[in-house]
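Report on the following structure.
The values are calculated or read from the model by the stated rules, or taken from the named source; none is laboratory data. Source: prediction; values computed, not measured. Here the Cβ positions follow ideal geometry from the backbone for every residue, glycine too, while neighbour counts run over all protein chains shown. We work out accessible area using only protein heavy atoms, side chains counted, and drop any ligands, DNA or RNA first. Shrake-Rupley method; radii C 1.70, N 1.55, O 1.52, S 1.80 Å.
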Amino acid sequence: MTRTAPPTTDDLSAGAVVHTPAGNSEWWRDAVIYQVYPRSFADGDGDGIGDLPGVTSKLDHLKQLGVDAVWLSPFYRSPQKDAGYDVADYRDIDPLFGTLADFDEMLDGAHGRGLKVIVDLVPNHSSDQHVWFQEALAAAPGSAARERYMFRDGRGPAGDEPPNNWQSIFGGAAWTRLEPREDDGPVGPQWYLHLFDTSQPDLNWENPEVREEFEAVLRFWLDRGVDGFRVDVAHGMIKAAGLPDWEGQVSMVEGTVAEGDVPATDPGAPEDGSTGAGHNGPMFDQDGVHEIYRSWHRVLEEYPGDRCLVAEAWVEPLSRLARYVRPDEMHQAFNFSFLTAPWDAARLRTVVDVSYSTMDAVDAPTTWVLSNHDVVRHVSRFGLAEIGGRQLNGIAATDPQPDAELGLRRARAATLLMLGLPGSAYLYQGEELGLPDHTALPAEVRQDPSFFRTDGAEPGRDGCRVPLPWVGGAPGNGFGSTGKTWLPQPDVYADLAADRQYGVEGSTYEMYRTALELRRAEKVGGSTLSWVDALADSPDVVAFRVAGVVVLANLGAEPLVLPADAQVLVASGDLDTSSDAVAVPSDTTVWLRG
Ligand code: NOJ
């Protein structure tokens, strides 16, 4: 096999400084935050659905792993039409997940272990079972109750055409018409807007009552002691005046990019770092959203400690995303441009460069994320020939299946690269075990509304939401006491279970643990970052220096020979030691003592 010319130690010297830390000390600036998706994390009561006692029982796993904080997806009272992102009561726990006392116990347990806790806030829409929506249905058109949501008369003489042509992100029209009432106006029953499922009516954020209510909800959870909020659809709450028609279409994760538009090998990275992760249109990224976040910032400032707001905003270019984290607004925003970037050295460097330049300009930490509950896990994504298009949303049994070995190798390499980047990083439960998606879920078990609203054209996101394996080979791989799991686990989950990886050299779990330990010890999160000069334009290698560490990710086909005196701190895969000079194989990342 041919090898690239061996770099010498000089070859790893620092080049351009890409990022200098702000020098502030809030915990969230460099935190590694672990996403718990409660229904699939651990089941405390044996009903097959994870719950808060289950989370509490696994806090030691998180502590051992070495993360700083936990973000929990919604556990509020909800009919679960969108797995809890349809909230019926923002101040209570759904019986599926436990009680407020269970929440307090989980929070105390986390805080007792030095872990911060962030909860999910879903302000763009409520459930149709929320008391406000029920009141709106019972009230007359034009009433104060209807003013809390986005009700409009229909178009056409009989009002039987929707108020505009917007499509729901889950498929189908974004408007649903009410049943007729006696006091309907001349054009008959009104319609209500739902950017997501019919059961998720959009709230009217132009109405001061809505703003007051959510400030009270923030205080309710801040008073209980939470450390922050992840804000759902943070770019969607204000719609363009007049709700103009829009010809574009968005789906859950890939903005307006159609399948295949972002081939993994496309060398032409836009200079603004865009990857197709942005949602466009009159329902997104309107200037009016920012006043909401300024008021929330003020609410958080009333509380001691460094509480934070994290934006889930699919906004590009990154200079637009940076507006959400200006000093008086939110504190962090998920970096979906990084998540959606292809496995390509030049494109990754561009996203990293632009992420730092845009976030540093507003004094906010850059975040990094590779997986969450809305996208195909990166182990499966990187095993696909092409990343982009709807493959991010889910993989069906009839789709081309990922190459499992390639996917895991690249995913581990991508993770080690990500954890070497200063700023804050998000992990999604199970990625520390190297879990792939379930890519062959039968239609009968699917639950994601996007599957139903597109008549199965979109497989939906269930594949990345499969219950975690804790004890390999036990019923349900130890998810709970009864073996029940609300979605079936793929066979491979037995071998990937947590207990089969604890203490096992080379396991994905031990790689994550080692990297997190080093990240903390070396203070990587708060470090300056410089590209390694000699490799700054390499088509195959992403190489940078952070703190006392050199991170080298080899994305090329050829092994990369290390300097003779290189001290390897952690590697994402086996190194090539077949000759005197150690080499980093294809799709492998190493951290070296710098
Ligand atoms: C984003 C959430 O992450 C997703 O799971 C949910 O379906 C939508 N927002 C709607 O709340």
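Laid out as a table, the results:
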quantity	calculated
Residue within segment 60-74 that is open to solvent by less than 10 Å² (accessible area, probe 1.4 Å), acidic (Asp, Glu) and modelled with pLDDT of 95 or more present	no
Some residue of segment 10-17 being in contact with a Ser or Thr (Cβ under 8 Å, 6 or more places away or on another chain), under 23 Å from residue 123 (Cβ atoms) and at pLDDT 95 or above	no
Only listed residue being of a type in the set (Gly, Ala, Ser), on the phi > 0 side of the Ramachandran plot and either surrounded by fewer than 24 Cβ atoms within 10 Å (Cβ to Cβ) or assigned by TED's automatic domain parsing to the domain that holds residue 478 (or both), chosen from 423, 383, 407	423
Filter pass, residue 470 being under 30 Å from residue 396 (Cβ atoms), touching an Asp or Glu at 6+ places or on another chain (Cβ under 8 Å) and aromatic (Phe, Trp, Tyr)	yes
Criterion (at negative phi, in the same structural domain as residue 240 (by TED's automatic domain parsing) and open to solvent by 20 Å² or more (accessible area, probe 1.4 Å)) met by exactly one of 158, 140, 110, 101	101
Sole residue being within 16 Å of the ligand (Cβ to nearest atom), within 19 Å of the chain's Cα centre (by Cα) and open to solvent by less than 10 Å² (accessible area, probe 1.4 Å), chosen from 370, 435, 468	370
Residues of segment 79-93 satisfying the condition of being crowded, with 22+ Cβ neighbours inside 10 Å, out of contact with any helix residue (DSSP H, G or I) (no Cβ under 6 Å at 6 or more places or on another chain) and within 18 Å of residue 460 (Cβ to Cβ)	84, 85, 86
Test for residue 427: is it within 16 Å of the ligand (Cβ to nearest atom) and of a type in the set (A, V, I, L, M)	yes
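To keep it simple, each residue is scored yes or no on (1) surrounded by fewer than 21 Cβ atoms within 10 Å (Cβ to Cβ); (2) at pLDDT below 95; (3) of a type in the set (Lys, Arg); (4) touching a Gly at 6+ places or on another chain (Cβ under 8 Å).
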{"position": "131", "(1), (2), (3), (4)": "yes, no, no, no"}
{"position": "134", "(1), (2), (3), (4)": "yes, no, no, no"}
{"position": "150", "(1), (2), (3), (4)": "no, no, no, no"}
{"position": "162", "(1), (2), (3), (4)": "yes, no, no, yes"}
{"position": "174", "(1), (2), (3), (4)": "no, no, no, no"}
{"position": "178", "(1), (2), (3), (4)": "yes, no, no, no"}
{"position": "183", "(1), (2), (3), (4)": "yes, yes, no, no"}
